[in-house]
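For reference, the structure is listed below as structure tokens.
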Amino acid sequence: MTADELTLIRDAPLSGNIKRVLKRLARPLGLKLGVYGQHRPIPFRPDPELLSEQSSKQSLEAALIDPPLISVVTPSFNQGRWLRGAIESVTGQRYPRLEYVVIDGGSTDNSIDVLRSAAGITRWISEPDRGQADGINKGFALTSGEIMAWLNSDDLFLPGAFRYVARWFREHPEVDVVYGNRIIIDTNGDEVGRWVLPPHRSAAYLWRQYIPQETLFWRRSLWNRTGARVNTEFDFLIDWELILRFHHAGAKFCRLPRTLGAFRTHPLQKSVRVAHSVGKREVDRLRAPLDRTRRLWYRIDNLAYVLESVAQSWARSFADRIARKRT
């Protein structure tokens, strides 16, 4: 879960009607960040570069030469409808060293049947817990991988993501955290939008969380020196609080030029249910330490970042049109 739906325009000191008008005017110009339903549903297409990464002989050989262990945790509660897809997006990566833990919070739907029949899970547990953050901590405590990530049970990793991320970390030892672009999918798994992010800058997270959580990977060494847990006092902005801790610890971030994950939008997701209650309180809490000057500069930098993303989106749309004409 992320703060994605809390967009820049909603934060401006304007009336609700003016904000809605500005948002509608901005969408045709290419404003995609913070917007989920961007177009009518179309068939979901993974990133072709990642598919090449998944199948190429060079990538396969590189991954098999002392590959880092990747640890992934999926927290879940009554998400049986989506859970199998999330699991298969992890276990289907064809990555040679994977540690995968699923923590179920005591679901009463078909989640247990899904877990019992799923192949490739290192370990799964189903028992009552204190929420998503507690489940994430419980899962990571059972892992030891050098590279870490969590995937919510209604989201997906795209094919080839693990090999690409592992190779990037190995070739860039100075980098602590990586993330990529995201596809937005609907309840049927059809694509309804994309977030194409500019190269990394702190505006991606100091004022607003634009980093797609399902594309976020980090080193265990960073995890250990920043508390080795997510903050269980947060329910909506678990990822943003962790990212800010990484930032304050001096972590080096990098946006990878690939679409690594898919975020599913549906009526039951947390971002819809509690965005204007729990979400607003947690946003205020994370911004509370900022003085007036920093708030101003962070918002200006954030606006520049959003405008830069528009150019990125147009470039990606143009490339997609060319690719479709060739197929």
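The values are calculated or read from the model by the stated rules, or taken from the named source; none is laboratory data. Just so we're clear, the structure is a prediction, and the values are computed from it rather than from any experiment. For neighbour counting, all protein chains shown are included, and Cβ atoms are generated from backbone atoms with ideal geometry for every residue, glycine included.
In the range 184-195, which residue that is in a strand (DSSP E or B) and among the β-branched types (Val, Ile, Thr) is farthest from PRO43 (Cα to Cα)?
By that ranking, first place goes to ILE184.
Suppose we keep only residues that are of a type in the set (A, V, I, L, M), free of Cβ contacts under 8 Å to residues at least 60 places away in the same chain and assigned to a strand (DSSP E or B) within the range 97-140. Which one would you say is surrounded by the fewest Cβ atoms within 10 Å (Cβ to Cβ)?
Looking only at the range 97-140, we keep the residues that are of a type in the set (A, V, I, L, M), and these are 98, 101-103, 112, 114-115, 118-119, 121, 125, 133, 136.
This time we only want the ones that are free of Cβ contacts under 8 Å to residues at least 60 places away in the same chain, so: 101-103, 112, 114-115, 118-119, 121, 125.
Add one more test, that the residue is assigned to a strand (DSSP E or B), and what stays is 101-103, 125.
Working: VAL101: 23, VAL102: 27, ILE103: 27, ILE125: 16.
Only one residue tops the list, namely ILE125.
Going by the conditions given, is ASP154 in contact (Cβ under 8 Å) with a residue 24 or more places away in the chain and either in contact with a Ser or Thr (Cβ under 9 Å, 6 or more places away or on another chain) or among the hydrophobic types (A, V, I, L, M, F, W, C) (or both)?
Working: in contact (Cβ under 8 Å) with a residue 24 or more places away in the chain: yes; either in contact with a Ser or Thr (Cβ under 9 Å, 6 or more places away or on another chain) or among the hydrophobic types (A, V, I, L, M, F, W, C) (or both): yes.
Taking the combined requirement at face value, the residue satisfies it.
Can you find, within the range 83-96, the residue that is surrounded by the fewest Cβ atoms within 10 Å (Cβ to Cβ) among those that are outside any loop (DSSP other than H, G, I, E, B) and either in contact with a Cys (Cβ under 7 Å, 6 or more places away or on another chain) or not basic (Lys, Arg) (or both)?
Keep residues of the range 83-96 that are outside any loop (DSSP other than H, G, I, E, B), which gives 83-91.
Keeping just the survivors that are either in contact with a Cys (Cβ under 7 Å, 6 or more places away or on another chain) or not basic (Lys, Arg) (or both) gives 83, 85-91.
Values: LEU83: 25, GLY85: 17, ALA86: 25, ILE87: 25, GLU88: 15, SER89: 21, VAL90: 24, THR91: 17.
Taking the candidates together, the pick is GLU88.
SER52: of a type in the set (S, T, N, Q) and modelled with pLDDT of 65 or more, yes or no?
Working: of a type in the set (S, T, N, Q): yes; modelled with pLDDT of 65 or more: no.
For SER52, the condition - of a type in the set (S, T, N, Q) and modelled with pLDDT of 65 or more - is not met.
Going through the range 196-207 one residue at a time, which ones are of a type in the set (A, V, I, L, M) and assigned to a helix (DSSP H, G or I)? Steps first, answer last, please.
Just the residues of the range 196-207 that are of a type in the set (A, V, I, L, M), to begin with: 196-197, 203-204, 206.
Passing the criteria: ALA203, ALA204.
Considering only the range 268-327, give the helices (runs of 4 or more DSSP H) lying wholly within it that have at least 2 residues that are out of contact with any Gly (no Cβ under 7 Å at 6 or more places or on another chain) and at pLDDT 90 or above.
Numbers: elements: 270-273, 278-287, 292-326.
Passing ranges, in order: 278-287, 292-326.
Looking at TRP124, TRP195 in this structure, which one is farther than 25 Å from TRP240 by Cα and aromatic (Phe, Trp, Tyr)? Don't jump to the end; show me each part of the working.
On the way: TRP195 fails: farther than 25 Å from TRP240 by Cα.
TRP124 is the lone residue from the list that is farther than 25 Å from TRP240 by Cα and aromatic (Phe, Trp, Tyr).
Yes/no per residue for (1) more than 16 Å from the chain's Cα centre (by Cα); (2) modelled with pLDDT of 95 or more; (3) within 29 Å of ALA315 (Cα to Cα); (4) not in a loop (DSSP other than H, G, I, E, B):
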{"residue": "GLN209", "(1), (2), (3), (4)": "no, no, yes, no"}
{"residue": "GLY227", "(1), (2), (3), (4)": "yes, yes, no, no"}
{"residue": "LEU244", "(1), (2), (3), (4)": "no, yes, no, yes"}
{"residue": "GLY250", "(1), (2), (3), (4)": "yes, yes, no, no"}
{"residue": "CYS254", "(1), (2), (3), (4)": "no, yes, yes, yes"}
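Just for the range 142-162: of the residues that are more than 13 Å from the chain's Cα centre (by Cα) and part of a loop (DSSP other than H, G, I, E, B), which one is surrounded by the fewest Cβ atoms within 10 Å (Cβ to Cβ)?
SER144
Give me the residue from the range 163-183 that is out of contact with any helix residue (DSSP H, G or I) (no Cβ under 8 Å at 6 or more places or on another chain) and not in a helix (DSSP H, G or I) and, out of that set, nearest to ARG84 (Cα to Cα).
ILE183
Can you pull out the residues in the range 80-106 that are under 21 Å from THR265 (Cβ atoms), of a type in the set (Gly, Ala, Ser) and at pLDDT 95 or above? Step through it out loud before you land on a result.
Let us first name the residues in the range 80-106 that are under 21 Å from THR265 (Cβ atoms), namely 80-90.
Of the ones still in play, those that are also of a type in the set (Gly, Ala, Ser) are 80, 85-86, 89.
Across the range 80-106, the qualifying residues are GLY85, ALA86, SER89.
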